[in-house]
1. Between residue 102 and residue 29, what FRET efficiency comes out of the Förster formula 1/(1 + (r/R0)^6) with R0 = 25 Å and r the beta carbon distance, rounded to 0.05?
2. Return, ordered by residue number, the residues of the range 23-42 whose backbone nitrogen is under 20 Å from a label point located 7 Å along Cα→Cβ of residue 4.
3. Which value in nm describes the separation of the simple spin-label points at residue 91 and residue 12, placed 7 Å from the Cα toward the beta carbon?
4. Just subtract the alpha-carbon distance of residue 36 and residue 79 from 0.36 nm times their residue separation and send over the number in nm, one decimal.
5. Starting from the range 27-111, pick out the trypsin sites (Lys or Arg not before Pro) whose DSSP state is loop and whose Cβ has at most 13 other Cβ atoms within 10 Å.
6. Would the range 28-82 count as rounded, prolate or oblate if I go by the C-alpha gyration tensor, calling it rounded below 1.5 in a/c and otherwise prolate when a/b exceeds b/c, oblate otherwise?
7. So for the chain, averaging the separation of alpha carbon pairs under 8 Å that are six or more residues apart and normalising by length, what relative contact order in percent results?
8. Quick one: 3J(HN,Hα) in Hz for the range 69-81, Karplus 6.51/-1.76/1.60 with θ = phi - 60°, rounded, Gly and Pro as x.
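The values are calculated or read from the model by the stated rules, or taken from the named source; none is laboratory data. Quantities reported herein were computed from a predicted structural model and do not represent experimental measurements. Using ideal geometry, Cβ is built from the backbone for each residue, glycine included, and neighbour counts are taken over all protein chains shown. Only protein heavy atoms, including side chains, enter the accessible area calculation; ligands, DNA and RNA are left aside. Shrake-Rupley method; radii C 1.70, N 1.55, O 1.52, S 1.80 Å.
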Amino acid sequence: MEMKYFPAVDINDAPQKGVKKVTLTYTGDSGKEEAIIFLAALPQGLTAFSSVCSHLGCIVDWDSQKEEFVCPCHGGRYDINGNVIGGPPPAPLDNLPIETRDGKIFVGIKV
Ligand code: FES
C-alpha cells in the first residue's frame, strides 16, 4: 500500500462549515475503485478523515442532525474531530493528508 493523492473537490466547493462526504474514484489494481472520505471544516482548518471505522472496518456516515459520525455496524460514534464518543471503536477516525494543487483539494489515501 502506498499513499496516493486524488482530487476530492474544487477549492471553492470545500465545506465552510460542517462536514462534506466525498467519493474519490480512481483506478486501482482491480480496475475502477472508490473510497469515501470526509472533509470537515474545523477551527484549525480543513481536515480530511477516512470513513473506515476503527472497530472492524465498516464505513461510517456523517449525521448532520446529531453532528457526529455514526457506524452502522455496532453503533460506534465519533465527534466532528474524529474522536470516539460512543460504542466499541478503539481509536479515532484516521486523519488523511491534504494538498492544494491547481485549484483543487487533493486527499491522500493508501491504495
Ligand atoms: Fe464500526 Fe464496529 S465496525 S462499530
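1. Once rounded, the FRET efficiency stands at 0.45.
2. Under cut-off, by backbone N: 23-38.
3. Modelled inter-label distance: 3.9 nm.
4. Taking residue 36 through residue 79 to full extension adds about 13.7 nm, to one decimal.
5. 66
6. Note, shape of the range 28-82 comes out oblate.
7. 29 percent
8. 7, 10, 9, x, 7, 9, x, x, 9, 9, 7, 5, 8
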